[in-house]
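Have a look at the structure below before the remarks.
The values are calculated or read from the model by the stated rules, or taken from the named source; none is laboratory data. What you are looking at is a predicted structure, and each value in this text was computed from that prediction instead of being measured. Don't worry about glycine lacking a Cβ; one is built from the backbone with ideal geometry, like all the others, and counts go over all protein chains shown.
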Amino acid sequence: MLPKAYDPKEVEEKISKLWKDKHVFKAEIDETKKPYVIVIPPPNITGALHMGHGLNNTLQDTLIRFHRMNGECANWVPGTDHGGIATQNVIEKKLSKEQKLSRHDLGREKFVQTVWDWYKECGNAIYNQFEKMGWALDQSNIRFTMDEDRAKSVYASFSNLWNKKYIYRGKRMINWCVRCSTALSDIEVEHEQHAGKLWHLRYKMENGSDGVVIATTRPETIFADSAIAVNPKDERYKNLIGKKVRIPLIDRLIPIIADEAVEMEFGTGALKITPAHDPVDYEIGQRHSLETFIVINDKGKMINLPEKYLGMDRDLCRKETVKDLEAAGLLVKEEKYNNAVSTCYRCHSAIEPYLSEQWFVKMDELAKNALKAIEEEKVKFHPANWKGPLTNWLKNIQDWCISRQIWWGHRIPVWYCRHCSEKGLTFTTDKQGKEQLSKVSFEDGAKPIVSFEKPECPQCHGHDTIQDPDVLDTWFSSALWPMSVFGWPEQTKELKYYYPTSILVTGYEIIYLWVARMIMMGLEFQGEVPFKDVLLNGIVRDKTGKKMSKSLGNVVDPLDLTQKYGADAVRFSLLSQSVLGKDIPYGEESIIGARNFCNKIYNASRFIQMNSEGIEGPLELPAKPKELCDRWIISRYNNAIKQASDEIKKYNMAAAADILYHFLWGDFCDWYIELAKQRFDGEDRKEVISILINILYNTLKALHPFMPFITEEIAMSLKKYIKDHKEFLIEESYPAYNPALSDEQAQTQMALLQGVTTQIRTIRAQFNVPPGLKIKVLLNTADRNDLAVIAKYQNYITSMAKVETLEIGSDIAKPKQSATGLHGTTTVYIPLEGLIDFDKEKARLDKELAVIENGIRNRERMLGNENFVKNAPKEQVEKAKNELEQMLLRAQQIKTAKEDLN
RNA sequence: GGGCAGUUGGCGCAGUGGUAGCGCGUCCGCCUCACACGCGGAAGGUCACAGGUUCGAACCCUGUACUGCCCACCA
């Protein structure tokens, strides 16, 4: 005997192995078919997958399985991302924790090797997780953003953009993360509101008079001030422009200048200008040719200032400066102020604006093309409301800083001749005593040689060339992903067949970082958008709506949940909550319902099979069943299939899951199996079993994209009954809507029988009729059709409502001591001598009456309104009329029942 | 400062121009020979607020409030 409860663990392991051994997910080009391609958003190799990956990939898997079952040549391309800064940080932490070493202790080469070793470990864990979740990825061909083919793509794209002069090197104010010690692009910076302070400081005049008071949030940068700026229109300061003031504490003289950028309303209307440490000040400095003083270095330590502060951390220096300013009587005011602090998206430490030479990509042309493609709907967004923000971003795009001063990533493919670039190259000795190129300056004469491999110098033909120390932004390789996975720049047959891909499924949080750039690169290099649709999934949050994070301790691990409840349950719970672009508050409770559903499917299948003993397959769905409930369930099944497919096509996975869930649990289990029970030993035994098994098998197919394991497992055990089955469900055709199976009449008639049954059950429950008690039910209806249906299928009612005797007629009077129920035109009377509580019955009837009378009022008002009768669609008017008629009748029946309370 | 979402029964969420559904929870009754991860039944909502369009609005429009998110160089 099979166990009562479904145990997913064993089954999922078994099925997973089977899929793997039989290469079920192997993707092969089939020119006779339409390709359906999804390239996975490659997870970073920073650790195990989280719930966000769970949702994102499950959505992709559902689409892939669905489309493959619909006859398309489906290919879901797997891979991982090297994850630049994020991964480097993980490894640095690991090194420090396990061996108390920094990356500098290891040196560049060894460190990079360590990360490669980590990739083997972490990558495998991820690929293993793909399998555990049942994701139909072709794992025989895994890509990694750092592998050789992808490196070639990166080089091809770099040199191409270099030749077009889109890539250039420039000295700019960039975002510098002091902790990660690297430059970041503008979109890698997050803005947080911090409770900070605004200090008002006095800068005295050259002659020692009161001078000017400025407001600043960064008093530690006064040492790098080059000027005080005021708005030229500001009357308060007009006569001071051109004069000089002394910087507090160091007494260096700086001029008062006028610049439009100064807001008169903010603070005191006077702004200290620190060109080296603030982006706005930098621009002002440029406009006025101000001198640049640097007082904070790349580590966030203070330099070039009085010895007292030398080497201090910037935060400490701020405190000390304020203290000293106060002592000097130059601190005028200190007020609380919420300022926007820029932080690193990887480590969340405060960003330091930093002046340095970096590599950039010129974006205007690229953005223009992307904009055009998006506006022409070459790429469509689902939901569409992200189109606006994206186009807006593209319109205001800034050049992209692509160089990172870290070690893990694609090294910039630019080399320098030590001889010819001498003055532009700065070397330092690292901890291993090795000489390293630490700084490159084009301003000082470094001459770039763009090359994939170590080149000879084209000028002096020497071989003493050395590669740029920086690596590329990890998003640079990500931007090429939809092409690089197919071997671009080689025009491979894969690239030709699979590109552009069908759809990108990703989170809305990386639209600018990733989606936009893929579109730009795809257009630039392949002349075509990389995907036609973008499906944006939300963020999986904790059950209170907070973002899951390690520091909050609210992270749920998909692997844990999978162990506990099964991958199908995790998948189904995510899918049933996934509405386009919306975040999902995810609690463990939500998975339990899905687990229960798995159990329901399993038990229903087990029951059907238990009752199929001795029946030989194959069994086919009878073409024209006579029995009402047979016609009904087939029709309901057919409807469910149509609705579910339609919803999937619209990317409404939650709606599709819901439809199938309710069809299987409600219609199939609660009604059809229950009705079928009494026929297992009857003459139409084989027909009932055929319908049960075929409907079940087809419903499993329909559910397969959502919960692949359990459906596969059960389907396998049903194969002996199924004609023309495939070995695996993914190879089957997705069930199709068949108009011939629709049976409106059967649905109407069943609805009547179900309604009457429910009325009887309700009365039983309301009056606590003991379950074993034999009851008699009288059914009265004036409707001839209804009467005929009830008469013909009274066994449905007697069995489903557990009724001993049933009396049916069109002029049955209410018996004494009986309860009354109503469904449509049918009145249900159940004599309940000794059980009936008249007060309770009256209350029930009153309540029912109130609802109906309300309905009557509504409809009378509608029909009394000539505009409604005139303007509303005919069927609406008809409907209202019919409803009114029925309601009046029912009201009358309830009133009669109330009068007859005895 | 600009933009985008959301506001529906205790909780989490669907929903559509014709009078509101699901899951969980709650309450009542059931170990009915597939399933107590179950079966049957019930209670519970003036769909944030104010206007407007319409014969009719939770759904469309305008505004307000609150919540969340994204973008932005007021130090």
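Can you pull out the residues in segment A:326-341 that are at pLDDT below 90 and either hydrophobic (A, V, I, L, M, F, W, C) or in contact with a His (Cβ under 9 Å, 6 or more places away or on another chain) (or both)? Passing the criteria: A:Ala328, A:Leu330, A:Leu331, A:Val332, A:Lys333, A:Glu334, A:Glu335, A:Asn338, A:Asn339, A:Ala340, A:Val341. Within segment A:606-619, residues that are polar (S, T, N, Q) have Cβ atoms under 6 Å from residues that are within 16 Å of RNA strand B (Cβ to nearest atom) in these pairs: A:Asn611/A:Phe680; A:Ser612/A:Ile689, counting only partners at least 6 apart in sequence or on another chain. Taking segment A:791-875 as the region of interest, the helices (runs of 4 or more DSSP H) fully inside it that hold 3 or more residues being within 10 Å of RNA strand B (Cβ to nearest atom) and either among the hydroxyl-bearing types (Ser, Thr, Tyr) or surrounded by fewer than 19 Cβ atoms within 10 Å (Cβ to Cβ) (or both) are A:838-864, A:866-871. For the criterion of being farther than 29 Å from A:Gly462 by Cβ, surrounded by 18 or more Cβ atoms within 10 Å (Cβ to Cβ) and at pLDDT 95 or above, A:Val361 passes.
It is to be established whether one or more residues within segment A:866-878 are among the small types (Gly, Ala, Ser) and touching a Leu at 6+ places or on another chain (Cβ under 7 Å). Within segment A:866-878, none of the residues are among the small types (Gly, Ala, Ser) and touching a Leu at 6+ places or on another chain (Cβ under 7 Å). Answer yes if at least one residue in segment A:453-470 is closer than 28 Å to A:His82 by Cα, touching a helix residue (DSSP H, G or I) at 6+ places or on another chain (Cβ under 8 Å) and not basic (Lys, Arg), and no otherwise. Looking through segment A:453-470, none of the residues is closer than 28 Å to A:His82 by Cα, touching a helix residue (DSSP H, G or I) at 6+ places or on another chain (Cβ under 8 Å) and not basic (Lys, Arg). For A:Val505, the criteria (1) of a type in the set (Val, Ile, Thr); (2) over 21 Å from A:Tyr155 (Cβ atoms); (3) surrounded by fewer than 20 Cβ atoms within 10 Å (Cβ to Cβ); (4) at pLDDT 95 or above hold in every case but one, which is (3). Please determine, by comparing only the residues of segment A:652-668 that are near RNA strand B (Cβ under 9 Å from one of its atoms) and free of Cβ contacts under 8 Å to residues at least 60 places away in the same chain, which one is nearest to A:Ala751 (Cα to Cα). If we take residues in segment A:652-668 being near RNA strand B (Cβ under 9 Å from one of its atoms) and free of Cβ contacts under 8 Å to residues at least 60 places away in the same chain, then A:Gly666 is nearest to A:Ala751 (Cα to Cα).
When A:Glu121 is tested against (1) closer than 29 Å to A:Pro489 by Cα; (2) within 32 Å of the chain's Cα centre (by Cα); (3) not in a loop (DSSP other than H, G, I, E, B), exactly one condition is not met: (1). Each residue in segment A:263-292 was checked for being within 7 Å of RNA strand B (Cβ to nearest atom) and on the phi > 0 side of the Ramachandran plot, and 2 pass.
Could you list all residues from segment A:368-402 that are in a helix (DSSP H, G or I) and away from RNA strand B (no atom under 13 Å from the Cβ)?
A:Lys368, A:Asn369, A:Ala370, A:Leu371, A:Lys372, A:Ala373, A:Ile374, A:Glu375, listed by residue number.
For segment A:161-195, the tally of residues that are away from RNA strand B (no atom under 16 Å from the Cβ), of a type in the set (Ser, Thr, Tyr) and within 15 Å of A:Trp359 (Cβ to Cβ) stands at 3. Look at A:Glu260 and say whether it is within 15 Å of RNA strand B (Cβ to nearest atom), surrounded by fewer than 16 Cβ atoms within 10 Å (Cβ to Cβ) and part of a loop (DSSP other than H, G, I, E, B). It is true that A:Glu260 is within 15 Å of RNA strand B (Cβ to nearest atom), surrounded by fewer than 16 Cβ atoms within 10 Å (Cβ to Cβ) and part of a loop (DSSP other than H, G, I, E, B). I'd like to check something: does segment A:465-487 contain any residue that is within 16 Å of RNA strand B (Cβ to nearest atom) and free of Cβ contacts under 8 Å to residues at least 60 places away in the same chain? No, there is no match, as no residue in segment A:465-487 is within 16 Å of RNA strand B (Cβ to nearest atom) and free of Cβ contacts under 8 Å to residues at least 60 places away in the same chain. Selection of segment A:531-562 for residues being part of a helix (DSSP H, G or I) and either surrounded by 14 or more Cβ atoms within 10 Å (Cβ to Cβ) or of a type in the set (Gly, Ala, Ser) (or both) yields A:Pro558, A:Leu559, A:Leu561, A:Thr562.
Report the residue count in segment A:310-339 for those that are under 13 Å from A:Pro248 (Cβ atoms) and touching an Asp or Glu at 6+ places or on another chain (Cβ under 7 Å). Total meeting the criteria: 1.
The number of residues in segment A:82-118 that are assigned to a helix (DSSP H, G or I), small (Gly, Ala, Ser) and within 21 Å of A:Ser478 (Cβ to Cβ) comes to 2. Scanning segment A:219-228 turns up no residue that is more than 53 Å from the chain's Cα centre (by Cα) and away from RNA strand B (no atom under 12 Å from the Cβ).
Could you go through segment A:771-783 and let me know if any residue there is without any contact (Cβ under 8 Å) to a residue 40 or more places away in the chain and either among the aliphatic types (A, V, I, L, M) or not in a loop (DSSP other than H, G, I, E, B) (or both). Checking segment A:771-783: at least one residue is without any contact (Cβ under 8 Å) to a residue 40 or more places away in the chain and either among the aliphatic types (A, V, I, L, M) or not in a loop (DSSP other than H, G, I, E, B) (or both).
If you go through segment A:21-39 and pick out every residue that is touching a helix residue (DSSP H, G or I) at 6+ places or on another chain (Cβ under 7 Å), in a loop (DSSP other than H, G, I, E, B) and of a type in the set (Val, Ile, Thr), you end up with 2. Quick check: anything in segment A:669-683 under 26 Å from A:Lys723 (Cα atoms), buried (at least 23 other Cβ atoms within 10 Å of the Cβ), near RNA strand B (Cβ under 10 Å from one of its atoms) and within 28 Å of the chain's Cα centre (by Cα)? No, the conditions are met nowhere in segment A:669-683. Of the set (1) assigned to a loop (DSSP other than H, G, I, E, B); (2) within 15 Å of RNA strand B (Cβ to nearest atom), all apply to A:Gly614 but (2). Scanning segment A:701-718 for residues that are closer than 13 Å to A:Ser605 by Cα and either in contact (Cβ under 8 Å) with a residue 60 or more places away in the chain or hydroxyl-bearing (Ser, Thr, Tyr) (or both), we see that the one that is surrounded by the fewest Cβ atoms within 10 Å (Cβ to Cβ) is A:Ser717.
For segment A:745-787, filtered to residues that are among the polar types (S, T, N, Q) and within 11 Å of RNA strand B (Cβ to nearest atom), the residue that is farthest from A:Lys816 (Cα to Cα) is A:Gln754. When segment A:403-415 is filtered for residues that are charged (D, E, K, R) and either within 15 Å of RNA strand B (Cβ to nearest atom) or without any contact (Cβ under 8 Å) to a residue 60 or more places away in the chain (or both), nothing remains. Among the residues making up segment A:563-599, a single one is more than 9 Å from RNA strand B (Cβ to nearest atom), basic (Lys, Arg) and surrounded by fewer than 22 Cβ atoms within 10 Å (Cβ to Cβ): A:Lys564.
Contact map, segment A:311-339: first residue more than 18 Å from A:Val212 (Cα to Cα), second residue assigned to a strand (DSSP E or B) and small (Gly, Ala, Ser), Cβ cut-off under 6 Å, separation 6 or more or different chains; pairs are A:Tyr337/A:Gly196; A:Asn338/A:Ala195; A:Asn339/A:Gly196. Which of (1) away from RNA strand B (no atom under 16 Å from the Cβ); (2) closer than 23 Å to A:Val112 by Cα; (3) under 26 Å from the mean Cα position of the chain (by Cα) does A:Tyr345 not meet, given it meets every other one? Result: A:Tyr345 fails condition (1) only.
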